[in-house]
1. Using only the Cα atoms of the range 363-487, each taken as one equal point scatterer with no solvent, compute I(q) by the Debye sum, divide by I(0), and report log10 of the ratio at q = 0.13, 0.14 Å⁻¹.
2. Determine the gain in length on full extension of the stretch residue 475-residue 177; use 0.36 nm per residue of separation and subtract their C-alpha separation, reporting nm with one decimal.
3. Using only the Cα atoms of the range 352-402, what are the Rg and Dmax in Å?
4. What is the Å³ per residue value for the convex hull set by the Cα atoms of the range 415-505?
5. Note down the magnitude of the dipole of the range 155-279 about its Cα centre, charges +1 on Lys and Arg C-beta and -1 on Asp and Glu C-beta and zero elsewhere, to the nearest 20 debye.
6. Let me see the pair-distance distribution of the range 155-279: every alpha carbon pair, 5 Å bin width, integer percents in order.
7. Using a probe radius of 1.4 Å on heavy atoms only, what accessible surface per residue do you get for the range 155-279? Whole Å² is fine.
8. What FRET efficiency would be calculated for the residue pair residue 461, residue 516, taking the C-beta separation as r and a Förster radius of 30 Å, to the nearest 0.05?
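The values are calculated or read from the model by the stated rules, or taken from the named source; none is laboratory data. Note that this is a predicted model, so its numbers are computed, not measured. Every residue, glycine as well, gets a Cβ built from its backbone with ideal geometry; the counts of neighbours run over all protein chains shown. The protein model used for the area step is the full one, side chains on, heavy atoms only, and it has no ligands, DNA or RNA in it. Shrake-Rupley method; radii C 1.70, N 1.55, O 1.52, S 1.80 Å.
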Amino acid sequence: MEPMGTHLRRREGLGGEPEERPSGEGNTETHRAPDLVQWTRHMEAVKMQLLEQAQEKLVELLDRAIWEAIQSHPPQDRPLPSPHPAPLSKTQKPSFGRRKVFVVRKSLLDELMEVQHFRTIYHMFIAGLCVFIISTLAIDFIDEGRLVLEFDLLIFSFGQLPLALVTWVPMFLATLLAPYQALRLWARPRAGGAWMLRAVLGCVLLAAHAAVLCVLPIHVAVKHELPPASRCILVFEQVRLLMKSYSFLREAVPGTLRARGREGIWAPSFSSYLYFLFCPTLIYRETYPRTPSVRWNYVAKNFAQALGCVLYACFILGRLCVPIFANMSREPFSTRALLLSIMHATLPGIFMLLLIFFAFLHCWLNAFAEMLRFGDRMFYRDWWNSTSFSNYYRTWNVVVHDWLYSYVYQDGLWLLGGRGRGAAMLGVFLVSAVVHEYIFCFVLGFFYPVMLMLFLVIGGLLNFTMNDRHTGPAWNVLMWTLLFLGQGIQVSLYCQEWYARWHCPLPQTTFWGLLTPRSWSCHA
């Protein structure tokens, strides 16, 4: 007897053999599709798990290979730390000699762009730029009956650009000649009073170099009233050349003084110093890992993307900021208007942050790295995944972080004997906040310490409260929320002050008038 509920029917097969199948065979076709979907999802999950395990093993093997390669060529002046150091005992002193190691590696975005899903996000930003261009053309055609893109803001921002470039020439020549010649003077053997004279002459060269870098760009910017973008070029080069000069002397002087008595005159080669002045790092080394060739199409692509980011920023300011803040200073001040302006500025503010990151830290630095065959392209890390502000500060700008860590934090620990980690970290925040505020003051032409307060006070508190112990998606959402608000505050307050100083010029220039925010009292 057949089991109850089973109904079989016979069908002739291809070979003439009778064949049995369930009478509900037609229903199995309908159930096969959901089963196939579930099986596909299961196999995708297995594939992702295998890829993650393989990636972890590969990273472990590569880290071990890098460590063995570094260990086979240790620096002569200090031993390398172990990759898995043992915990320090109470009688041991912490080591402050950890140096940055340069290896050949690509930028993170270049690796992510190889994934189609991430490349689609990049395409979305390009589509946003296309929408801005189309809207500008449509508005011009509707209002004025012509299809012409207006670049008034771009032309104004980069006004007097040739003067800024001419000013850069003596700044660069002073940096190229003075620190290296001072080092050469100090490298000569002691010979009574002659060495003292050479030491004084070297210090005079460095003082003249610092005076040229500090005074010349400020004088040119104030006397000729340079617009913001031209000022931006001068102040970035001023800070960059000062940091590179300090790194060169900090790294080369100790070895030069040690080798002076034993081997006579020794100094790094001039070609290595010249290469350092252009390569995208602030940490001096005699040699760097190099790539085998230059991909000029990659260079052109990055410069084109940087130019696109500049145009993107002009469209954002022209469409989302100028209409809101141009006439805001004409109205009486109110808390409601201030809060609304900050909320309006959050979106353009975060867009400006992303554009500055992509244009400078990725496109500009990668273009120069490719032209100079500079191998280490880790100019940033995955800061967007940060769940703490301490990790965000370390990963946002690795180039500047390496300089601050090596010459402010580690040297601070060395001076304090390893007992003042909090003081050394506070010194890093103080130096970074002051330099950022100086850049904003130089570029905008007025003193309004919004960046100083946000970076030093609020940023310092968030660095100690939102530390690396906090993990999870909620902390990442909180970090992005605070970034949105912080950018909104910056864009709103700086735009208000810019237009207030435009609408309400001082009848007489005074010291306190230059320091007092004009947006607090301007109602023109």
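1. Treating every Cα as an identical point scatterer, log10 I(q)/I(0) equals -0.65, -0.75.
2. On the way: separation 298, 0.36 × 298 = 107.28 nm, distance 4.86 nm.
Between residue 475 and residue 177, full extension yields an extra 102.4 nm.
3. Both quantities, over Cα of the range 352-402: 11.5, 35 Å.
4. Values: hull volume 8.8 nm³, N = 91.
Given the Cα convex hull of the range 415-505, per-residue volume reads 96 Å³.
5. Details: 12 positive and 4 negative charges, 105 e Å.
So the dipole magnitude of the range 155-279 works out to roughly 500 debye.
6. 2, 11, 19, 19, 15, 12, 8, 6, 4, 2, 1, 0
7. On the way: 6060 Å² over 125 residues.
It amounts to 48 Å² per residue over the range 155-279.
8. On the way: r = 26 Å, r/R0 = 0.88.
Efficiency, rounded to the nearest 0.05: 0.70.
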